[in-house]
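Novice: First the structure, which I've put down as structure tokens, then a few questions once you've had a look.
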Amino acid sequence: MAEISSPGRRIRVVSIAHSGVLRDMGRLRYQPLADRHDLDIHLVVPERWYQFGRWYEADPPCTPGITTHVLPIRLPKGGPASWYLHFYPSLRRLMRQVSPDVVHLWEEPWSIVALQALLLRRKAGYVLEVDQNIIKRLPLPFEKLRRFILARTDVILARSNHAEEVVRACGYAGPALPIGYGVDEETFRLPEIRRLRPDSGLRLGYCGRLVVEKGLDDALDALAALPDSVTLALMGEGDHDAALRARIARLGLQNRVSFAGWGSPRDVAAFYHGIDVSILLTRTTDQVREQFGRAIIESQGCGVPVIGSTCGAIPEVIGQGGWVVPEQDPAEIAGCVRQILAVPALLDEKSRLGQQNIRDRFSYRAVAGDLAAGWLEAYRRRMAGSAAA
């Protein structure tokens, strides 16, 4: 992560991220930047956050070298607008105190907090980190808000190629740099003792929400066409649970599929340590296109390669650390598994490539480098604009 020199002081960055409410959700990626001599980082997070049906209380500041501001927010639950209405009443005072050179939002460009930060930035560079990967015309006033903000954004950090396509379609014309989600390599890593794989069997696994768009019905249909020695472990919860259990019974797979509920990150890592191949078979719909797939990088971090569908960012994220099959194609899934059964050495090769994928692109150090690259590009552009004026 190359540093940039500035006249007499560090570049001041205010990064606003609701995902930073918890250390494990969004703060760890900032940690590798704590020792940067060219950056003075101020992370702004909500003191309480509501998501996926539950409240989260903010962890206290916990990263030496990063100044974390835990601030109250208004409108954390916006009905159909979800969390996009929230804002920080005390942000104006903080921005005056810090006087940032760069403002970074880990928020979508139609959110009220993105508008709030834009209006308060003064001369600071403005960076948006975006995930939305389906082009949808938003209801008023959000569509106008998105275009207004994107027209004034200096740098986009895009989670995927599709996310970049969306902001370009909505009027953004500046530079777009890639950024992934990070994986905690202390938790999601190779086990101390590798699980011995049976010569003639294979244990597949899925960790995530049990919802119809995740393609688990396709996995069950593929499983029914494979030898009995191939099994499937599911970890998660969701409204498709009962339908999955009914399908398992119809296909006679009761002895080959297991269920487990949600667990801690260490529980998830232990789950991956007990399987041979992870699956993520998301189906594209009008409302769903896989934005990233955290399960992919957590699995690869544990040395487990992935079979993923062609949906959204899944092929981008898998890289060389697994296999990609068409959406909703149980025959192709079964064919991929048969190939692995025929050549077990493929597992070790894909495991190695998956771990390389993590080191190069999705370690917290790599993601911190992506953040810094976006901030410094926005700073350069602002400085160049000031010099030209």
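The values are calculated or read from the model by the stated rules, or taken from the named source; none is laboratory data. Keep in mind the model is a prediction, meaning the values are calculated, not measured. Heads up, the Cβs are rebuilt from the backbone with ideal geometry, glycines too, and the neighbour counts pull from every protein chain shown.
Novice: Consider Ser99 carefully, then state whether it is among the small types (Gly, Ala, Ser), at pLDDT 90 or above, over 30 Å from Arg359 (Cβ atoms) and buried (at least 22 other Cβ atoms within 10 Å of the Cβ).
Specialist: no
Novice: Considering (1) hydrophobic (A, V, I, L, M, F, W, C); (2) farther than 30 Å from Pro265 by Cα; (3) out of contact with any strand residue (DSSP E or B) (no Cβ under 9 Å at 6 or more places or on another chain), say which one Ile134 fails and leave the rest.
Specialist: Among (1) hydrophobic (A, V, I, L, M, F, W, C); (2) farther than 30 Å from Pro265 by Cα; (3) out of contact with any strand residue (DSSP E or B) (no Cβ under 9 Å at 6 or more places or on another chain), the lone unmet condition for Ile134 is (2).
Novice: Just give me the residues in segment 157-186 being among the hydroxyl-bearing types (Ser, Thr, Tyr) and either at pLDDT below 95 or closer than 19 Å to Val288 by Cβ (or both), in sequence order.
Specialist: Scanning segment 157-186 gives Ser160, Tyr181.
Novice: Can you list the helices (runs of 4 or more DSSP H) found entirely within segment 270-347 that contain at least 3 residues being in contact (Cβ under 8 Å) with a residue 24 or more places away in the chain and surrounded by fewer than 20 Cβ atoms within 10 Å (Cβ to Cβ)?
Specialist: Helices (runs of 4 or more DSSP H) meeting the threshold: 330-342.
Novice: Next question, about the same structure. Conditions first: (1) surrounded by fewer than 19 Cβ atoms within 10 Å (Cβ to Cβ); (2) within 21 Å of Leu91 (Cα to Cα). Lys136 passes all but one, so which condition is the exception?
Specialist: Checking Lys136 against (1) surrounded by fewer than 19 Cβ atoms within 10 Å (Cβ to Cβ); (2) within 21 Å of Leu91 (Cα to Cα), the one that fails is (2).
Condition check ((1) within 21 Å of Glu349 (Cα to Cα); (2) among the polar types (S, T, N, Q)) across all residues:
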residue	(1), (2)
Leu253	no, no
Ala260	no, no
Gln291	no, yes
Ser299	yes, yes
Gly303	yes, no
Val306	yes, no
Ile314	yes, no
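Novice: Name the residue, out of Tyr56, Tyr84, Tyr30, Tyr50, that is in contact (Cβ under 8 Å) with a residue 24 or more places away in the chain, assigned to a helix (DSSP H, G or I) and either assigned by TED's automatic domain parsing to the domain that holds Leu138 or within 21 Å of Ala366 (Cα to Cα) (or both). Give the steps one after another, and end with the answer.
Specialist: Working: Tyr56 fails: assigned to a helix (DSSP H, G or I); Tyr84 fails: assigned to a helix (DSSP H, G or I); Tyr50 fails: assigned to a helix (DSSP H, G or I).
On inspection, the qualifying residue turns out to be Tyr30.
Novice: Related question: When you scan segment 92-134, how many residues do you find that are assigned to a loop (DSSP other than H, G, I, E, B) and touching a Gly at 6+ places or on another chain (Cβ under 8 Å)? Walk me through how you get there before you give the answer.
Specialist: If we filter segment 92-134 for residues that are assigned to a loop (DSSP other than H, G, I, E, B), which is where we start, we get 99-101, 106-111, 121-124, 131-134.
Pick out the ones that are also touching a Gly at 6+ places or on another chain (Cβ under 8 Å) and you get 101, 106, 133.
Selection size over segment 92-134: 3.
Novice: Hey, any hits in segment 38-55 for a residue that's surrounded by 21 or more Cβ atoms within 10 Å (Cβ to Cβ) and within 26 Å of Ala151 (Cβ to Cβ)?
Specialist: Restricting attention to segment 38-55, the residues satisfying the condition of being surrounded by 21 or more Cβ atoms within 10 Å (Cβ to Cβ) are 39, 41, 43-46, 49.
Narrowing the set further to residues that are within 26 Å of Ala151 (Cβ to Cβ) leaves 44.
Yes, that holds for at least one residue.
Novice: Let me ask something else about it. Is there any pair with a first residue in segment 63-81 that is over 16 Å from Phe52 (Cβ atoms) and a second that is loosely packed, with under 12 Cβ neighbours inside 10 Å and not polar (S, T, N, Q) whose Cβ atoms are under 7 Å apart and which are 6 or more apart or on different chains, and what are they?
Specialist: Listed pairs, sorted by first residue: Gly65/Asp35; Pro72/Pro89; Arg74/Pro89.
Novice: Just name the residue that is nearest to the chain's Cα centre (by Cα) out of those in segment 120-140 that are under 18 Å from Val103 (Cα atoms) and of a type in the set (Lys, Arg).
Specialist: Per the criteria, the residue is Arg121.
Novice: Here is a follow-up. Give segment 20-52 a look and list any residue that's at pLDDT 95 or above and of a type in the set (Ser, Thr, Tyr), or say none.
Specialist: If the condition is that a residue be at pLDDT 95 or above and of a type in the set (Ser, Thr, Tyr), then Tyr30 is the only one that fits.
Novice: Among Glu107, Glu143, which is over 23 Å from Ala373 (Cα atoms) and under 25 Å from the mean Cα position of the chain (by Cα)?
Specialist: Glu143
Novice: Still on this model: Taking the criterion of being surrounded by fewer than 16 Cβ atoms within 10 Å (Cβ to Cβ) and among the small types (Gly, Ala, Ser), would at least one residue in segment 22-29 satisfy it?
Specialist: No - not one qualifying residue is present in segment 22-29.
Novice: Report, by residue number, each residue of segment 335-352 that is more than 28 Å from the chain's Cα centre (by Cα) and among the small types (Gly, Ala, Ser).
Specialist: Residues satisfying the conditions are Gly335, Ala342, Ala345.
Novice: Please work out which one of (1) among the polar types (S, T, N, Q); (2) under 21 Å from Arg29 (Cα atoms); (3) surrounded by fewer than 22 Cβ atoms within 10 Å (Cβ to Cβ) is the condition Ser160 fails and give its number.
Specialist: It fails just one condition, (3).
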